[in-house]
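Written out below as structure tokens is the structure these notes cover.
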Amino acid sequence: MISDNKTAQSECLPTHIGIIMDGNGRWAKMRGLPRSAGHSKGAAVFKTVSRYCRDRGIKYLTVYAFSTENWKRSEQEVSGIMNLLREYLKDVKNYTKDNIRVCFIGDRTPLDEDIKALMEETEKTSENFDAMTLNIAINYGGLPEIANAARICAQKVKSGEMSVEDITCEEIEKHLYTAPQPAPDLIIRTGGEYRLSNFLTWQSAYSELYFCDVLWPDFNAKHIEAALSEYAGRNRRFGNA
Ligand code: FPP
């Protein structure tokens with residue numbers, strides 16, 4: 001999958017891509033398999049796509065692995081996704097050749113202690129890897145992220161560290177989970193739905209959006225290249241005429 005498609009090489013590439021990996025459940029259902037089988041295949045595709053993006057010259061990739069709303073799913077499904085994360089985290093220390101820095105965004109408070117420890121270890125051991133930064137969103141929601149940044153600003157005002165007038169967009173951005181990384185240039189959503197579902201709500205203000213019907217477990221290099229080609233043809237004006 002990795003090296004067979006070089007179609008979109010010379011165009012302007014996004015620096016940062018966000019991906020909403022949707023469609024695991026439907027993929028499994030279509031095959032008469034449990035939803036967990038879709039998530040397993042989805043996790044494998046996530047690893048392949050991460051490496052493909054790195055090889056393609058993408059500097060930041062953010063994937064939506066578990067949202068603040070996903071706790072509403074059955075206990076079995078939630079623990080299945082957490083176990084996939086656990087497996088990945090135990091394995092990722094063997095991926096030193098990948099040269100990918102791994103960061104986690106989201107509220108870690110309700111996660112199991114062993115997962116929190118592995119997340120911290122992964123961030124530490126990969127902190128100097130520089131081919132690409134991979135942000136994995138776990139228990140992430142864009143609205144709670146903004147509320148969290150607002151609380152930090154309020155605390156700073158309360159303690160006298162800054163004034164109300166200092167609460168600017170730049171100040172709020174400093175307290176987002178993704179700081180100091182650039183905003184995503186391109187957000188891809190698989191699975192045929194046309195919404196952002198609380199993903200990078202602040203950071204997506206000027207992102208180009210790309211929706212495709214393919215279910216996440218079927219997503220491959222060809223689909224990434226289609227998104228990159230589409231992106232290269234977009235006219236980004238950022239409010240200019
Ligand atoms: C959305 O598909 C997918 C998720 C809520 C989970 C995504 C998780 C993975 C791809 C595995 C991540 C693993 C690691 C190691 C980071 P859905 O279940 O909502 O699909 P549906 O819309 O077809 O029901």
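The values are calculated or read from the model by the stated rules, or taken from the named source; none is laboratory data. Just so we're clear, the structure is a prediction, and the values are computed from it rather than from any experiment. FYI the Cβ positions are ideal-geometry reconstructions off the backbone, even for glycines, and counts take in every protein chain you see. Only protein heavy atoms, including side chains, enter the accessible area calculation; ligands, DNA and RNA are left aside. Shrake-Rupley method; radii C 1.70, N 1.55, O 1.52, S 1.80 Å.
Based on alpha carbons, the Rg and Dmax found for the chain are 18.3, 59 Å. Scan the chain and hand back the longest stretch that contains none of the GluC sites (Glu not before Pro) lying in DSSP loops with at most 12 other Cβ atoms within 10 Å. The longest such stretch corresponds to 162-241.
Would you mind finding the longest exposed-site-free stretch of the chain, with exposed chymotrypsin sites (Phe, Trp or Tyr not before Pro) meaning DSSP loop and at most 13 other Cβ atoms within 10 Å? The answer is 1-193.
Accessible area per residue for the chain, computed on protein heavy atoms with a 1.4 Å probe, is 51 Å².
Going down the list K59/K90; K124/K222; K97/K174; K47/K72; K47/K156, which pairs span over 28 Å between their C-alpha atoms? Checking Cα-Cα distances, K124/K222; K97/K174; K47/K156 exceed 28 Å.
Site-free segments of the chain were taken between trypsin sites (Lys or Arg not before Pro) in DSSP loops having at most 16 other Cβ atoms within 10 Å, sites themselves excluded; the longest one is 109-194. Its relative contact order, with pairs defined as Cα atoms under 8 Å and 6+ residues apart, puts the chain at 30 percent. Rolling a 1.4 Å probe over the protein heavy atoms of the stretch 178-241, with every protein chain left in place, gives an accessible area that is 49 percent carbon and sulfur.
Between A232 and D213, the modelled label-to-label distance comes to 2.5 nm, taking each label 7 Å out from Cα in the direction of the beta carbon. Taking the 1.4 Å solvent-accessible surface of the stretch 64-153 as the whole, the part contributed by carbon and sulfur is 50%. Less than 5 angstrom separates the built amide H of M132 from those of R101, all sequence-distant by 5 or more or on a different chain.
In this view, the solvent-accessible surface of S207, computed with a 1.4 Å probe and all protein chains in place, comes to about 20 Å².
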